1. Could you say which residue among ASP84, ASP89 is in a loop (DSSP other than H, G, I, E, B), of a type in the set (D, E, K, R) and out of contact with any Pro (no Cβ under 6 Å at 6 or more places or on another chain)?
2. Name the residues in region 175-184 that are assigned to a helix (DSSP H, G or I) and within 16 Å of ARG83 (Cβ to Cβ), would you?
Amino acid sequence: MRLCLLALVAVGLNGPKDAHAAKGEGYFGLRPARSAPATRVEVQQDESAFTLENGEPIAGFRLGDAPEGPLKNQAERMVRLIRDEFHRDASRVPIHILNASQMDRLTRQLGGHTGFRWEIYGMHYRGHIFIRPGLTILSDEVLLHELIHEMSARFAAESRGFSHLVEGLAQHYTSKILASELDKKATKRIYVRYREFAEVLESIVGGDRLRALFFAEKGDPLQELKMRVDQVRGNLLPAAAALEKDRFNDALRLLSAK
Ligand SMILES: [Zn+2]
């Protein structure tokens, strides 16, 4: 089974200004394990329980059963937004709220590592979402981004390792919802170039079609997307491969080759 290890990273408050320049597009080294995963964690998709390798349980709740208070309001808003926008049900997704040290341990256990002064605020792994509160509450942006990973898990599973393509699309839809439904702006520094790629992709295949493919529940959506792109204009797979290597200009050129 392909591990789905995708995360949204944000630079710590004291992070260097040029962090993205120094580290490419902000992909922070938590990559899908190519061979044996570093963890033997066994997770059942239909359980909200998650246990670390050392046996330590990480408490969780399903999004639709969030505890009363601000968290419940936020959860209900997310379920509604995702239902309205993507016609998918996010209420069953298990959410685990972690502190910084738990997030750090989990990241290492799953074989990831973070760069200097980089902090992980959210992670999507095998149907579960792990999230760290911001200063006071969970960030709408991080929660949405990770939920979108879960709602688009089929696309990711068929994405042939093109994690930057997946991140760009996930953040593309995150920022759309933030802007149109929550009247907020996406964090400027997250996956900027990957998002740009997603925008060009959308202009080629059309908003409705791209959305239907990214949130498809069955089939091989990447293959369908490739057929559509290649028919209309470019050469999707080589473009996505260039994006994966952070060769942005090549990626955009290949996407619009014809
Ligand atoms: Zn992500």
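1. Numbers: ASP84 fails: in a loop (DSSP other than H, G, I, E, B).
Of the residues listed, the single one that is in a loop (DSSP other than H, G, I, E, B), of a type in the set (D, E, K, R) and out of contact with any Pro (no Cβ under 6 Å at 6 or more places or on another chain) is ASP89.
2. Step one: list which residues in region 175-184 are assigned to a helix (DSSP H, G or I), which gives 175-181.
Once the filter is applied, which keeps residues that are assigned to a helix (DSSP H, G or I) and within 16 Å of ARG83 (Cβ to Cβ), region 175-184 yields LYS176, ILE177, SER180, GLU181.
Conditions tested, residue by residue: (1) at pLDDT 95 or above; (2) surrounded by fewer than 18 Cβ atoms within 10 Å (Cβ to Cβ); (3) more than 14 Å from the ligand (Cβ to nearest atom).
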site	(1), (2), (3)
GLN109	no, yes, yes
GLY115	no, yes, yes
MET123	no, no, no
THR136	no, yes, yes
SER139	no, no, no
PHE155	yes, no, no
LEU165	yes, no, no
LEU169	yes, no, no
SER175	no, no, no
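The values are calculated or read from the model by the stated rules, or taken from the named source; none is laboratory data. This one's a predicted model, so the numbers in the text were calculated from it and none came from an experiment. Every residue, glycine as well, gets a Cβ built from its backbone with ideal geometry; the counts of neighbours run over all protein chains shown.
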